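First up is the structure itself, then whatever we jot down about it.
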Amino acid sequence: MTSSDRVLGLFPLGLVLVPGELLPLHIFEERYKRLIGERRETGEDFGIVLRYEDSVAECGCTAVVTSVLEEFDDGRLNIVVQGRERFRLHELVEPDDEKDYLRARVTLYEDDEPTAPGKTLRKAESLYKRLLELADVEVAAGAGEGAEASFRMAGTVDFGLMVKQELLESRSEAERLEQLVGLMSSLLPRLELRKSREEAIRGNGKGY
């Protein structure tokens, strides 16, 4: 079976993972203990996909275990995984055993437009840097490694669940960066105002 047509073990979660993003997970359900245990042995990837009330998103991201932070006697784990490649679901494969995990037939996909105009990238990088400063966000070493700039930004700043899913599904780096430029441009004035109020309070006890 080729990489474009494969069966992938799935971990549905109430979040979106993007390529390059580092994600800490607490593993406690038996089915996911099995999933992660197998991947630790083989080094293979699995899929993280956004879980809805009675379904899952059409697109997700593969992940690999990068480190085990803590392992408990009952099999529970605290781990860190990193996003790798995006995939589109074609068919869900329900497990026969309730302790087994969900699988799906998937196709990996990449961008149709993998690059963006330099002007757009520079604008996005400038806004992103300022946003990190105002929000006091520190980017972990290795976060976003090997991923496009848009995913590096979306993996370290919370732009909202559905926005992140839209970015994951987009096949144009230019479109993703333009969307992020718009979001950050609207968000920064509010962060600037909050920062100035905090500085005023620290300086003289007044928030006016």
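We did not get these values from a lab; they are worked out from the coordinates using the rules stated. None of these values were measured; they are calculated from a predicted model. Every residue, glycine as well, gets a Cβ built from its backbone with ideal geometry; the counts of neighbours run over all protein chains shown.
Points worth noting:
- Exposed loop sites here are GluC sites (Glu not before Pro) assigned a DSSP state other than H, G, I, E or B and surrounded by at most 14 other beta carbons within 10 Å; excluding them, the longest clear run of the chain is 146-208.
- Charge tally in the Cβ shell below 9 Å around residue 113, where Lys, Arg are +1 and Asp, Glu are -1, residue 113 excluded: -3
- The lysines whose alpha-carbon is closer than 28 Å to the alpha-carbon of residue 33, local same-chain residues fewer than 8 away aside, are 99, 164.
- Restriction of the chymotrypsin sites (Phe, Trp or Tyr not before Pro) in the stretch 43-133 to DSSP coil positions whose beta-carbon has at most 12 other beta-carbons within 10 angstrom yields 52, 72.
- A simple spin-label model places the labels of residue 88 and residue 113 1.7 nm from each other, with each point 7 Å out along Cα-to-Cβ.
- Anisotropy class of the stretch 4-68 from Cα gyration tensor, a/c 1.5 cut: rounded
- Label-to-label distance, residue 26 versus residue 78, with points set 7 angstrom from Cα along the beta-carbon direction: 0.9 nm.
- Taking a straight Cα-Cα cut-off under 19 Å and skipping sequence neighbours fewer than 8 places away in the same chain, the aspartates and glutamates within cross-link reach of residue 119 are 148, 173, 175, 178.
- For the chain, the longest principal axis of the Cα atoms and the long axis of helix 173-204 meet at an angle of about 50 degrees.
- Order of 115, 156, 120, 107 - criterion: other Cβ atoms within 10 Å of each residue's Cβ, fewest first: 115, 107, 120, 156
- Scanning the chain for trypsin sites (Lys or Arg not before Pro) that sit in a DSSP loop and have at most 14 other Cβ atoms within 10 Å, the longest stretch containing none of them is 1-75.
- Against the chain, whose longest principal axis comes from its Cα atoms, helix 118-135 is set at around 80 degrees.
- Modelled spin labels at residue 7 and residue 134, positioned 7 Å past Cα toward Cβ, are 5.0 nm from each other.
- The overall shape of the stretch 118-203, judged from the alpha-carbon gyration tensor, is prolate: a/c is not under 1.5, and a/b is greater than b/c.
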